């Protein structure tokens, strides 16, 4: 649910510490730490979602979501 909302709101990074089949199915990928830090530096300059967050969609829609269709958001795994 959180990743669906982050993608919808235009967030460009979602950090995950472990490479798991579930994370990979959600669109995560390994990138070098330097690349992650560069993305992070750029992303902190973008507008975010202010105020109190709330669920904006039903669970079925999120369950049917294909992360690759969530542009411009890109989920990334940071490298250790």
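Bear in mind these aren't lab numbers, they're just calculated from the coordinates by the rules spelled out. Just so it is clear, the model here is predicted, and its values are computed rather than measured. Ideal geometry is used to build each Cβ from the backbone, glycine not excepted, and the neighbour counts take in all protein chains shown.
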| task | State which residue is nearest to residue 62 (Cα to Cα) when the search covers only the range 5-43 and only residues that are over 14 Å from the mean Cα position of the chain (by Cα) and assigned to a helix (DSSP H, G or I). | result | 21
| said: Checking residue 36 against (1) within 13 Å of residue 67 (Cβ to Cβ); (2) in contact with a strand residue (DSSP E or B) (Cβ under 8 Å, 6 or more places away or on another chain); (3) surrounded by 16 or more Cβ atoms within 10 Å (Cβ to Cβ): exactly one of these is not met. Which one? | reply: (1)
